[in-house]
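One structure below.
The values are calculated or read from the model by the stated rules, or taken from the named source; none is laboratory data. Everything numeric in this text was worked out from a predicted model, so none of it was measured. With ideal geometry, Cβ positions are generated from the backbone for all residues, glycine too; neighbour counts draw on all protein chains shown. The area values use the complete protein model at the heavy-atom level, side chains included, leaving out ligands, DNA and RNA. Shrake-Rupley method; radii C 1.70, N 1.55, O 1.52, S 1.80 Å.
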Amino acid sequence: IPGTGTLSPNLTTPSSPIGGKELPVRAQPANGFAFVNWSGATNTSSATISFVVASNLVFTANFKDIARPTDVILSPTKGQVFSGTAASGRAMDNVGVAVVNYRVNNGPWAPANSSDGTNWQTADISSQLVAGANTISSFAVDAAGNVSLTNTIAFSYTVQLGADWAPDSFNGLMAVVSPNGGNLVTVGFDKTTFAQTGPL
């Protein structure tokens with residue numbers, strides 16, 4: 001019985017003689033699975049078959065996983081003023097999670113890291129965040145290709161001050177430096193980038 005399911009009645013220990021009366025058997029999928037078909041001595045998509053016991057008679061009931069995984073983002077939380085460098089969450093499935101994908105704001109999707117197949121963590125996302133409003137989204141995929149719902153969390157990001165930090169008040173400003181001799185140097189700012197033109 002590939003996949004997960006049961007047979008009714010249970011014929012693992014046949015009691016009917018070869019060439020005896022016709023026996024019915026029904027394949028019943030477990031929760032989160034669906035019956036696909038019978039293969040072997042018969043090939044039908046009907047869950048119930050009937051047969052007469054014969055030597056070397058083999059039937060296989062095939063099932064498939066149809067349960068989508070679940071996925072939640074644990075950090076950052078909705079509306080949180082976040083100052084960390086990585087997001088984290090938890091994904092679960094009736095069989096097992098194959099991968100969790102995430103993206104920051106409208107950036108590209110990337111796979112998260114998971115050591116146990118349940119708890120996951122992103123790489124360092126600080127370079128993808130802007131001061132103020134941000135979003136992070138994630139979804140999980142299981143081995144059968146079932147996809148969870150996509151979760152999106154809106155949060156705020158606080159820039160960690162460093163040697164190359166400039167306040168938000170610089171956003172949109174441009175400075176022109178005129179050295180004694182040589183070319184002009186132009187410096188521009190926005191919330192996430194710093195640009196310089198002219199000699200270094």
Checklist line | Filtered residues of the stretch 18-35 (kept if assigned to a strand (DSSP E or B) and either hydroxyl-bearing (Ser, Thr, Tyr) or open to solvent by less than 60 Å² (accessible area, probe 1.4 Å) (or both)) | finding: Leu23, Val25, Ala27, Pro29, Phe33, Ala34, Phe35
Next item on the list: Taking only the stretch 118-133 into account, find how many residues are among the polar types (S, T, N, Q), out of contact with any Phe, Trp or Tyr (no Cβ under 6 Å at 6 or more places or on another chain) and part of a loop (DSSP other than H, G, I, E, B).
Entry: 1
Notebook entry, point to check: Taking the stretch 45-59 only, how many residues are open to solvent by 40 Å² or more (accessible area, probe 1.4 Å) and out of contact with any Lys or Arg (no Cβ under 8 Å at 6 or more places or on another chain)?
Noted result: 9
Margin query: Condition (residue is within 30 Å of Gly132 (Cα to Cα), among the polar types (S, T, N, Q) and modelled with pLDDT under 95) applied to the stretch 24-36: is it met by at least one residue?
Written below: no
Checklist line | Matching residues, the stretch 118-143, being over 11 Å from the mean Cα position of the chain (by Cα) and open to solvent by less than 60 Å² (accessible area, probe 1.4 Å) | finding: Thr122, Ala123, Ile125, Ser126, Leu129, Val130, Ala131, Gly132, Asn134, Thr135, Ile136
Next item on the list: Kindly check whether there is at least one residue in the stretch 79-88 that is out of contact with any Asp or Glu (no Cβ under 9 Å at 6 or more places or on another chain) and β-branched (Val, Ile, Thr).
Entry: yes
Margin query: Quick check on this structure: which one of Ser148, Ser156, Ser114, Ser138 is more than 17 Å from Ser75 (Cβ to Cβ), among the polar types (S, T, N, Q) and in contact with a strand residue (DSSP E or B) (Cβ under 6 Å, 6 or more places away or on another chain)?
Written below: Ser148
Note to self: Contact list please: Cβ distance under 7 Å, first residue in the stretch 48-61 and free of Cβ contacts under 8 Å to residues at least 24 places away in the same chain, second residue open to solvent by less than 40 Å² (accessible area, probe 1.4 Å) and not acidic (Asp, Glu), pairs at least six apart or on different chains.
What the structure shows: Leu57/Phe51
